[in-house]
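Here the structure is laid out as structure tokens; the discussion comes afterwards.
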Amino acid sequence: MDITSLKKDIIEYSKTIGIDKIGFAAPTTFEEMKLRLYRQQELQYQSGFEEKDIEKRTEPALIFDRPKSIISIALAYPSKMKTHVVSKKGERRGIFCRASWGTDYHVVLRDRLKKLEEYIASKVPEARFKSMVDTGELVDRAVAERAGIGWSGKNCSIITPEFGSYVYLGEMITTIPFEPDTPMEDRCGSCNKCVDVCPTGALIQGGQLDAQKCIAFVTQTKGFLADEFREKLGNRLYGCDTCQTVCPENKGKDFHFHEEMEPDPEIAKPLLKPLLTMSNRDFKEKYGHISGSWRGKKPIQRNAIIALAHYKDDTAIHELIKVLKDDPRPVLRGTAAWALGKIGGPDALDALKRASAVEKDEEVLNEIDKGMEFFKDNPESNITV
């Protein structure tokens, strides 16, 4: 078997199936990443969504018998919408991060990896593979960095010269000993924009992220959102793009190579009020195909309520009152109470008083108190609490 020729064939074939960049890496232990992960664990900076076993995350031989190489792939995704929708009074909109535009990227990358496996198997029938996208054991970013896809930026994303950091990553461990590619030199230099503008200070320093403070993580939690994050959330429904949009390497980067990644503006930037009363079936039908739906509708609805408060959208008061009165979920009732206080007005105050008299849940009662405090803190409202 001529492995050099096979590698060239694979690179050429990858272009025909919609893989925008491909690299090859040695399957040895990711020592530096292992040290970083143990440090993250020690500092309690992990999100809790990742594989718990750090050894498995950094030692390919623990998850695959006799690995010889790892193939890393990258697909570029759009950073701008071709069709725009406008958020305006009475019709305020939220936003899903760019990594949740179009079809769930896990589905898209698995399709590409499966085709790549089939192609390689047609050339080397005895070859074995293990492919992963995001939820696998290995750290996608560490593999991509070693395979020369890009460098690991201070924003904890892989940054490619061609596509910036707007790329999805996946990898395949194989039994074929491909020649490794050369890792790329770090080009962030003295630039520190992503760290400086992180809304919650989650980027502790270049390359170190406290996931517990990261808005991308916070939007996916299911409980009450801590007060410190509510003011920072803005109109974000899922994810956060700030550390990418400020990156100079992303300036002018916008690629529309893959039809399934094209965003539907009404889904990527949806109206907020209809989200509040959406049924499970309707949510699944409209949003079930995007990656931002994986935690269900509850976090999205909670974030939509916070976004309405961010806009101080008084046209949403009656919808929020309905949530406060009728929603069976304490997190939604309580967040609605807080939002009513933020928006203000006599109807909001009256609803909070009524809810205070009948609500049984302690956490919700606490949120009602928070909502009523906004009226005390705003003497110009001319409303007596």
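Being under 20 Å from VAL167 (Cα atoms), in a loop (DSSP other than H, G, I, E, B) and of a type outside the set (Phe, Trp, Tyr) is the filter here; which residues of segment 33-83 pass it?
Hits for segment 33-83 are GLU50, PRO78, SER79, LYS80, MET81, LYS82.
Any residue at all in segment 91-99 that is more than 30 Å from LYS273 (Cα to Cα), hydrophobic (A, V, I, L, M, F, W, C) and out of contact with any Lys or Arg (no Cβ under 8 Å at 6 or more places or on another chain)?
no
Keeping to segment 343-379, report how many residues are loosely packed, with under 15 Cβ neighbours inside 10 Å and either β-branched (Val, Ile, Thr) or in contact (Cβ under 8 Å) with a residue 40 or more places away in the chain (or both).
Of the residues in segment 343-379, 2 are loosely packed, with under 15 Cβ neighbours inside 10 Å and either β-branched (Val, Ile, Thr) or in contact (Cβ under 8 Å) with a residue 40 or more places away in the chain (or both).
For residues that are without any contact (Cβ under 8 Å) to a residue 60 or more places away in the chain and surrounded by fewer than 19 Cβ atoms within 10 Å (Cβ to Cβ), scanning just segment 304-318, find the one that is nearest to THR277 (Cα to Cα).
HIS318
Kindly indicate the residue of segment 86-114 that is under 27 Å from LYS232 (Cα atoms) and of a type in the set (Ser, Thr, Tyr) and also surrounded by the most Cβ atoms within 10 Å (Cβ to Cβ) among those meeting that condition.
Filtering segment 86-114 for residues that are under 27 Å from LYS232 (Cα atoms) and of a type in the set (Ser, Thr, Tyr), the one surrounded by the most Cβ atoms within 10 Å (Cβ to Cβ) comes out as TYR105.
Does PRO299 qualify as being modelled with pLDDT of 95 or more and farther than 24 Å from VAL358 by Cβ?
So PRO299 fits the description; yes.
Go through segment 287-322 residue by residue and tally those that are more than 24 Å from TRP101 (Cβ to Cβ), in a helix (DSSP H, G or I), among the charged types (D, E, K, R) and in contact with a Leu (Cβ under 9 Å, 6 or more places away or on another chain).
Selection size over segment 287-322: 2.
Tell me which residues, restricted to segment 14-31, are of a type outside the set (Val, Ile, Thr), in a loop (DSSP other than H, G, I, E, B) and surrounded by fewer than 21 Cβ atoms within 10 Å (Cβ to Cβ).
GLY18, ALA26
If the requirement is being surrounded by fewer than 21 Cβ atoms within 10 Å (Cβ to Cβ) and either of a type outside the set (Val, Ile, Thr) or outside any loop (DSSP other than H, G, I, E, B) (or both), which of these qualifies: GLU145, GLU126?
Step by step, each of GLU145, GLU126 is checked, and only GLU126 is surrounded by fewer than 21 Cβ atoms within 10 Å (Cβ to Cβ) and either of a type outside the set (Val, Ile, Thr) or outside any loop (DSSP other than H, G, I, E, B) (or both).
For residues in segment 185-206 being among the small types (Gly, Ala, Ser) and surrounded by 16 or more Cβ atoms within 10 Å (Cβ to Cβ), which is modelled with the highest pLDDT?
If we take residues in segment 185-206 being among the small types (Gly, Ala, Ser) and surrounded by 16 or more Cβ atoms within 10 Å (Cβ to Cβ), then ALA202 is modelled with the highest pLDDT.
The values are calculated or read from the model by the stated rules, or taken from the named source; none is laboratory data. None of these values were measured; they are calculated from a predicted model. Heads up, the Cβs are rebuilt from the backbone with ideal geometry, glycines too, and the neighbour counts pull from every protein chain shown.
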